[in-house]
C-alpha cells in the first residue's frame, strides 16, 4: 500500500475545508495509493489522475480576442484535450461586459476545428453579466484516441463572432469558460 507524506499536521476537530486543502496541496506523494483513487502531483498539488472528470476554467479577456485582428470571427484555444479525452459538459459566463467600436453583437461557441459549436452552441457574450446569464451544454463527445495513447490531443476552442465591426474594435470584456473533461487512458 502506498502512502502520502504530508508536510504538517491537522487538528481534525477544528479543521476548516481550507485547512484540509492547504494540507493536501502541501503533500508529497511517496507512491501511488493502492486502496482507492490514484493520486499524482501536478504543479505541487495532489490531484486525481485524468480518468476522474474535472472542471477546467479558462478566462479569456477582450485583449486576447482583440489580438485575433480585423476579422469578425476567430478562435482562441481554451485547452488541449489529451489523447483519449472526453468532454462531458461546458459552461460559459461573461465576467465583464464586452464593449468596443460599433460592434452590435458578440457571440461565442465552444468546439473544435471544423465543428465550432460541438460542445456549446451560441452564447450571447454581448449581454451584461448577471447570475442567470450563462451558457451551459452537456454535450458529451470524444476526440482523438491512438492505440498506445500519448497522441497530440485536440484543441478545444472558444470561437467568437461579432456583428457590425471587427473583433479588434473591442475595448472591454472578459468571459470565463469551464470545460468538464476526463480521459480514458
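Just so it is clear, none of the values below were taken in a lab; they were calculated from the coordinates. The model shown is predicted, which means the values in this text are computed figures rather than measured ones. Cβ placement follows ideal geometry from the backbone for every residue including glycine, while neighbour counts extend to all protein chains displayed.
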Provide the gained length on full extension for the span residue 168 to residue 124, in nm with one decimal, where the gain is 0.36 nm per separating residue minus the Cα-Cα distance. 14.0 nm
Expressed in nm to one decimal, what extension gain is obtained for the pair residue 140 and residue 55 from 0.36 nm per residue of sequence separation less their Cα-Cα distance? 29.2 nm
Sorted by Cβ neighbour density within 10 Å, fewest at the top, the residues 134, 98: 134, 98
For residue 67 and residue 96 in one chain, what is 0.36 nm times their gap in residues minus the Cα-Cα distance, to one decimal in nm? 8.7 nm
For the pair residue 88 and residue 132, the simple spin-label estimate (label points 7 Å beyond Cα toward Cβ) gives in nm 2.8 nm
Among 106, 120, which comes first, second and so on when ranked by fewest other beta-carbon atoms within 10 Å? 120, 106
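Between residue 77 and residue 184, what's the calculated FRET efficiency when r is the beta-carbon distance and R0 is 30 Å? Round to 0.05.
Result of the calculation: an efficiency of 0.85.
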